[in-house]
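Novice: Let me give you the structure first, and then I'll get to my questions.
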Amino acid sequence: MDRTIFTGTMPALMTPCKADRTPDFDALVKKGKEMIAAGMSAVVYCGSMGDWPLLTDAQRMEGVERLVDAGLPVVVGTGAINSNSAVAHAAHAQKVGAAGLMVIPRVLSRGSSVAAQKNHFKAILSAAPDVPAIIYNSPVYGFATRADLFFALRAEHPNLVGFKEFGGKSDLRYAAEHITSQDDQVTLMVGVDTEVYHGFVNCGATGSITGIGTALPKEALLLAALSKKAAEGHAEARLRARELDEAFGVLASFDEGTDLVLYYKHLLVLNGDEEYRLHFNETDVLSDAQRNYCEQQYNLFKSWFTDWVRQGGVIAECM
């Protein structure tokens, strides 16, 4: 099973809204094309950033199909309360030609049961046997996939080729130490913007899924490139990657919080993408303080980055 789809940097696309707060799939496809043109290896839809709990199954499938029809490599999120819905999304992904699957644990109903999760994962993987898949591990979903379950699934489902870790440093370390370092046929994707450097350098990650990269694709790709070079032992790249990682700190930390979609949509609005101004629920808005803080940090980062890149050297090599 080809795992190369999970060896690059890919943005988790958000779902833009029309004035009536229904999905704007034209704008979704436009953003997907922009991301690929910027150098991203694929796009992810519908993970948490895509607001999957707020969309109907039909809307999610339409978004996937529109992206695929536009010629974009798409990794499809399978989040669902009901396993039957997750299976339907996986089967649809294979039918329309999606490039990969992000297998999300069962939530709310028997979410803490290992047996229930194993059956949930097996059903999804069986529904799209020709599509390479990674398991999405996240504290948000309330279930931690450990090594024994991962390898039991992989023994029966060769399309399971990797692991996306959304947790912190210790979670990434566990994934690397006990799962993805067993052989070079299993890949590790960094799933949180605050741990890109740690994931590549200390945990052997081969790719990343980014939230902040939807607003700052050039900068997110540069951090990944510097981190990959640092993982090869390049001293200057290690220094520069850590500097960029630290400067990204606050903006990246939005990825860890409840309001991540609100923050990152606001950054897109600051970039001029008005189609991201609205949310599906009218009351889902940043407070004035949150919005002002977000703008202050965004402007600070952009000013710092403009000055920092003038140093050239390995920075210029990796841009």
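The values are calculated or read from the model by the stated rules, or taken from the named source; none is laboratory data. Because the structure is predicted, anything quoted here is derived from the model rather than measured. Here the Cβ positions follow ideal geometry from the backbone for every residue, glycine too, while neighbour counts run over all protein chains shown. Please note that ligands, DNA and RNA were not included when accessible areas were found on the heavy atoms of the full protein model with its side chains. Shrake-Rupley method; radii C 1.70, N 1.55, O 1.52, S 1.80 Å.
Novice: Summing +1 for each Lys or Arg and -1 for each Asp or Glu, what net charge is found among the other residues whose Cβ lies under 12 Å from the Cβ of I81?
Specialist: +1
Novice: Give me the count of lysine pairs in the chain whose alpha carbons sit under 21 angstrom apart, restricted to pairs 8 or more positions apart or on different chains.
Specialist: Within the chain, the lysine pair count is 23.
Novice: Give the percent of DSSP beta bridges with both residues in the chain that are antiparallel, rounded to the nearest 5.
Specialist: Percent antiparallel among DSSP bridges in the chain is about 10.
Novice: Using the Cα atoms as the points, what is the convex hull volume per residue of the chain in Å³? Mind showing how you got there, number by number?
Specialist: On the way: hull volume 38.5 nm³, N = 319.
Here the figure is 121 Å³ per residue.
Novice: Let me ask another. Report, in deg cm²/dmol and to the nearest 500, the calculated mean residue ellipticity at 222 nm for the chain, where each DSSP H run with n ≥ 4 adds -39500 (n - 2.57) and the sum is divided by the residue count. Mind dumping the intermediate values first?
Specialist: Details: 13 runs with 149 residues, N = 319.
When only DSSP H runs of four or more count, the value is -14500 deg cm²/dmol.
Novice: Of A133, Q311, S48, whose Cα points farthest to the positive end of the dipole of the chain (charges on the beta-carbon: +1 Lys, Arg; -1 Asp, Glu; origin at the Cα centre)?
Specialist: Result: A133, furthest along the dipole toward the positive end.
Novice: I would also like to ask the following. Within the set of other residues whose C-beta is less than 13 Å from the C-beta of A37, count the net charge using Lys and Arg as +1 and Asp and Glu as -1.
Specialist: +3
Novice: Please give me the summed charge of the neighbours of A116: other residues whose Cβ is under 13 Å from its Cβ, Lys and Arg +1, Asp and Glu -1.
Specialist: Within the 13 Å Cβ shell, the charges total +4.
Novice: Share of the chain's accessible area from carbon and sulfur, percent, 1.4 Å? Walk me through the intermediate numbers first.
Specialist: Working: 6290 of 12830 Å².
In the chain, the share of accessible area belonging to carbon and sulfur is 49 percent.
Novice: When ligands, DNA and RNA are left out and all protein chains stay put, how many square angstrom of accessible area per residue does the chain have with a 1.4 Å probe? Kindly include the intermediate steps, with their values, before the conclusion.
Specialist: Values: 12830 Å² over 319 residues.
I get 40 Å² per residue for the chain.
Novice: So for the pair Y293, Q311, with labels modelled 7 Å out along Cα→Cβ, what separation do we get in nm?
Specialist: Once both label points are built, they end up 2.8 nm from each other.
Novice: Rg over Rh of segment 91-139, using C-alpha atoms and the Kirkwood radius, what does it come to?
Specialist: Looking at segment 91-139, the ratio lands at 1.00.
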